[in-house]
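Report on the following structure.
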Amino acid sequence: MPAVLPARNAVAVVFILNGFCFASFVSRVPDIRSTLDLSNGRLGLLLLAISAGSVLALPSAGRLIQRVGPAGAVRLGAASCAVGLTLATVAIGVWETMPAAAVGLFLYGVGTGVWDVAMNVDGAAVERHLGRTVMPRFHAGFSFGTIAGSALGVPMAAGHVPLEVHVTAVVLLSFGAVLVAARYFLPPPPEEVVAAPARSAWLEPRTLAIGVMVLAFALTEGSANDWLALALVDGYDTEHWVGVAGFSLFVTAMTAGRLVGSTALDRFGRAPVLWASSATALTGVLLVVYGHWAPLVVVGILLWGLGASLGFPVGMSVAADDPVRAAARVSVVSTIGYAAFLTGPPFLGWLGDHVGTLHSLLTIAVLMGPAAVAVLATRQPARREQPA
């Protein structure tokens with residue numbers, strides 16, 4: 001019997017570190033825009049490098065996991081993240097050059113893509129062994145990491161701590177912790193390593209539909225990561241630290257949704273909970289854009305975070321329902337979902353230059369319609385049995 005509890009704890013730690021590294025960088029986006037003197041459109045193109053690296057790495061992540069296991073893939077991904085973010089922040093803060101920063105962010109994107117798929121595959125294996133829904137709580141760990149990273153970003157930004165000092169210290173310490181935690185991951189069952197799939201997961205309609213649902217929710221979450229702080233700064237003429245605080249509030253709400261979401265999913269089922277999530281996200285975005293009164297905007301950020309909380313983790317669980325096909329299907333769904341991060345930053349940046357950063361967020365409201373339809377694919381074809 002595998003050591004499930006140590007593996008559960010190790011997966012949770014790796015999720016937390018992934019979010020901590022990400023938010024440590026994202027919390028400084030307003031400073032990056034100022035340092036390099038970028039328009040929203042050019043900033044979106046720079047952030048596109050992260051998504052491009054992830055989307056190029058994700059299709060092969062399943063094969064990499066089958067070859068070296070989730071633990072080995074997480075280590076390789078974390079190494080690429082550490083190198084990439086170090087290069088990017090030095091390029092921005094010291095050299096003030098956009099091309100070198102883009103190269104670093106591309107390497108970070110490759111690393112975080114591999115890291116993401118590997119930790120979700122092992123998280124799904126832990127969930128199957130436990131016999132209950134825990135994936136949203138792993139993603140809550142990611143959110144705890146983003147809370148810590150964004151909270152740290154507030155005094156770093158307010159105190160004008162150099163970007164390269166702040167972010168490089170975070171990623172190097174996190175890389176060392178990942179190397180230790182990955183030792184406790186579950187080993188893949190033999191059938192997950194050697195079994196040849198009957199056909200490509202890219203040809204499975206249910207897998208593709210899950211990917212569409214994840215794409216919509218990923219953009220709902222990712223647009224806040226990339227643009228919420230700037231939307232508050234530009235749309236409501238606030239200080240930079242207020243924008244960072246708004247982002248911190250968003251990830252706090254998203255974390256709360258993921259902590260309570262596991263219980264709701266086990267009680268009410270995947271589809272009803274995700275339909276409620278899409279309606280909540282829609283309401284939240286509309287309040288953020290049209291609130292024009294601080295308490296309403298705060299409520300909107302909270303609802304947006306709650307509504308965005310469950311789409312991605314549930315998509316990962318659904319893709320991994322069959323352990324034999326888990327790595328391949330999680331890789332496909334992640335690739336489709338990360339297309340939101342590939343197209344989202346430049347599109348919202350371009351739209352923000354034309355209609356304003358705040359009003360560009362209405363794109364999210366439009367996407368909640370197709371997301372609600374695609375939720376139908378998340379229903380379990382058969383109820384999982386509790387382990388003996």
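The values are calculated or read from the model by the stated rules, or taken from the named source; none is laboratory data. Everything numeric here is computed off the predicted structure, so don't read it as measured data. Counting neighbours? That spans all protein chains shown, and the Cβs are built from the backbone with ideal geometry, glycine included.
Quick one: in region 81-102, which of the residues that are in a helix (DSSP H, G or I) and among the hydroxyl-bearing types (Ser, Thr, Tyr) is surrounded by the most Cβ atoms within 10 Å (Cβ to Cβ)? Steps first, please.
Here is the first cut: in region 81-102, the ones in a helix (DSSP H, G or I) are 81-95, 98-102.
Cutting the leftovers down to among the hydroxyl-bearing types (Ser, Thr, Tyr) gives us 86, 89.
Details: 86: 20, 89: 27.
Across region 81-102, the extreme among qualifying residues is 89.
Considering region 39-80, and only residues there that are out of contact with any Lys or Arg (no Cβ under 9 Å at 6 or more places or on another chain) and among the polar types (S, T, N, Q), the residue that is surrounded by the most Cβ atoms within 10 Å (Cβ to Cβ) turns out to be 54. The listed residues are 167, 161, 180, 171, and the only one of them that is within 23 Å of the chain's Cα centre (by Cα), more than 26 Å from residue 68 (Cβ to Cβ) and of a type outside the set (Asp, Glu) turns out to be 167.
Considering (1) within 21 Å of residue 179 (Cα to Cα); (2) more than 19 Å from the chain's Cα centre (by Cα), the lone condition that residue 75 does not fulfil carries the number (2).
Taking residue 5 as meeting all but one of (1) in a helix (DSSP H, G or I); (2) touching a helix residue (DSSP H, G or I) at 6+ places or on another chain (Cβ under 8 Å); (3) at pLDDT below 90, write down the number of the exception. Here residue 5 meets the rest and fails (2). Condition check for residue 322 on (1) surrounded by fewer than 24 Cβ atoms within 10 Å (Cβ to Cβ); (2) in contact with a Lys or Arg (Cβ under 9 Å, 6 or more places away or on another chain); (3) in contact (Cβ under 8 Å) with a residue 24 or more places away in the chain: one failure, at (3). May I ask you to list the residues in region 340-370 that are buried (at least 19 other Cβ atoms within 10 Å of the Cβ) and either under 17 Å from the mean Cα position of the chain (by Cα) or modelled with pLDDT under 75 (or both)? Selection gives 340, 341, 342, 344, 345, 346, 364.
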